[in-house]
Amino acid sequence: MRYRKIGKLPIKASALGFGMMRLPKKFDEKLGKEVADEEEAIKNMRWAIDHGVTYIDTAYMYMDNLSEGIVGKGLKDGYREKVVVATKSPLSKY
């Protein structure tokens, strides 16, 4: 894995990041539609971290507004200290 310094910060992030925009899905009978498969998404994200990825990219609107919450749950148990997380917020028109 290659790592890059982030500006003047004393941290480096992997050149390959893990994006949380498109996560595994499963069909929710109750809702009658596909939803993010939280368990599988966390497993995938942790696998990437365990194999050298240190950059996680998310945004509040990804995966029907569930992405950031899934990232938070997935970074428990010591995973938060291993990564840099980037999230995005829209700019206001005003």
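The values are calculated or read from the model by the stated rules, or taken from the named source; none is laboratory data. Small disclaimer: the values here were computed from a predicted structure and weren't measured. Methodologically, a virtual Cβ is constructed for each residue, glycine included, from the backbone with ideal geometry; neighbour enumeration extends over all protein chains shown. Remember, those area values only see protein heavy atoms, side chains included, never the ligands or the DNA or RNA. Shrake-Rupley method; radii C 1.70, N 1.55, O 1.52, S 1.80 Å.
Some points to look at:
- Cα-Cα over 19 Å, subset of LYS43/LYS88; LYS5/LYS82; LYS26/LYS82; LYS5/LYS73; LYS25/LYS88: LYS43/LYS88; LYS26/LYS82; LYS5/LYS73; LYS25/LYS88
- The range 12-54: C-alpha gyration tensor shape, a/c 1.5 cut-off, then a/b vs b/c: prolate
- Heavy atoms of TYR60 accessible to a 1.4 Å probe, total area in Å² rounded to 10: 100
- Among the protein heavy atoms, those of ILE49 account for about 10 Å² of accessible surface (1.4 Å probe, every chain in place).
- CD proxy at 222 nm, helix term only [per DSSP H run n ≥ 4: -39500 (n - 2.57); per residue of the chain; nearest 500]: -7500 deg cm²/dmol
- With every protein chain in place, the chain: carbon and sulfur % of accessible area (1.4 Å): 54
- With DNA, RNA and ligands ignored, accessible area of LYS5 (1.4 Å probe; Å², nearest 10): 120
- Among ALA86, PHE27, ILE70 the positive-end extreme of the charge dipole of the chain (Cβ point charges): ALA86
- Across the range 66-83, coupling constants 3J(HN,Hα) worked out from phi with the 6.51/-1.76/1.60 Karplus curve, θ = phi - 60°, read 9, 4, 4, x, 5, 4, x, 5, x, 8, 6, 6, x, 6, 4, 6, 9, 9 Hz, and Gly and Pro carry x.
- The chain, relative contact order [Cα under 8 Å, separation at least 6], %: 28
- Entry comment: accessible area of the chain is 73 Å² per residue, from protein heavy atoms only and a probe of 1.4 Å.
- Per residue, the Cα convex hull of the range 1-87 amounts to 87 Å³.
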